[in-house]
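A short worksheet on the structure shown next.
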Amino acid sequence: MASAVSLLLLSPPRQLHRDGTSRLLSTPHRRVLLAAPTNATPRRLLAAAPRASNNNDNSGAVEAPDRLVAAVAYLYPFLDGAHHGRFLLAQFPFFGAVLRPLAPAARLFHSSPLTPFLLFLTLYFAVVRNQQAFSRFVRFNAMQAVVLDVLLIFPDLLAQSFAPSGGVGFEVFQSMENTVFLFLLVSLVYGGGACLLGKTPRLPIVADAAERQVM
């Protein structure tokens, strides 16, 4: 994933464009009040004032296909980092039973060494950078999934260079692996669940980086 990381980090952040909702929010409410008749009742004044809506947070505004695509994107970092849960799955078979429905997707994901990299390119260039085909809701969540996967390079490198066989070092290493896996699992459940409900999840650590990359 080294080349994938360089592609992401070398991409200059782009300034967010104002959409129709932003222009609506920027309209001063006092202009609406001045335009209203002086004898208007408070109820009429409230009716005349524009009401802002956030498509990313309004479950009724996000279409079902966008919810599904955004939720599926969070499978990518989880499947790419599922090997960090080998200690936790061995200690608690319950997790293996819960995650068993994802076994076909895991086998497909690891069917070729090129599959993770090809999925990275697809998510980043075909989804995140494709403003014409996908809404900002989908692109933001796909970018969060990409950033989360990029961050996996650090525990992966640590696992390759620091793999004690026993003692305190092994316990620390095991705790680190369990923490990485649990964070990926929580990100999958929270991110995917929020997307299916039409809400915009903001994952810790990765949300701000994703925001800078999505126009």
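At a glance:
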| item | result |
| --- | --- |
| Cut-off 11 Å between beta-carbons: net charge of the residues surrounding Tyr190, Lys and Arg +1, Asp and Glu -1 | +2 |
| Under the Karplus curve 6.51 cos²θ - 1.76 cosθ + 1.60, θ = phi - 60°, whole-Hz ³J(HN,Hα) for the stretch 188-197, x wherever Gly or Pro sits | 5, 5, 5, x, x, x, 5, 5, 5, 8 |
| Cα-centre dipole for the stretch 64-212 with unit charges at Cβ (Lys and Arg positive, Asp and Glu negative), debye to 20 | 460 |
| Shape of the stretch 60-213, Cα gyration tensor, a/c cut at 1.5 | prolate |
| Per residue value of the accessible surface for the stretch 64-212 (all protein chains in place, 1.4 Å probe), Å² | 51 |
| Loop-located chymotrypsin sites (Phe, Trp or Tyr not before Pro) in the stretch 130-215, at most 14 other Cβ atoms within 10 Å (DSSP) | Phe162 |
| Inter-label distance, nm, simple model (7 Å from Cα along the C-beta direction), Glu63/Ser165 | 5.8 |
| Enclosed volume per residue, in Å³, of the convex hull spanned by Cα atoms of the stretch 96-180 | 140 |
| Computed E for Phe154/Ala90 - FRET, C-beta separation, R0 25 angstrom, nearest 0.05 | 0.60 |
| Accessible-area value, Arg67, 1.4 Å probe, nucleic acids and ligands omitted, Å² | 50 |
| Listed residue (Val172, Gln131, Ile153) projecting farthest to the positive dipole end of the stretch 80-215, Cβ model | Gln131 |
| Highest to lowest packing among 70-77, 203-210, 111-118, scored as the average C-beta count within 10 Å | 70-77, 203-210, 111-118 |
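The values are calculated or read from the model by the stated rules, or taken from the named source; none is laboratory data. A quick note: this is a predicted structure, and the numbers were derived from the prediction, not measured. As a convention, Cβ positions derive from the backbone with ideal geometry for all residues, glycine included, and neighbour counts pool all protein chains shown. For the accessible areas, the whole protein counts, side chains as well, though only heavy atoms, and no ligand, DNA or RNA atoms are used. Shrake-Rupley method; radii C 1.70, N 1.55, O 1.52, S 1.80 Å.
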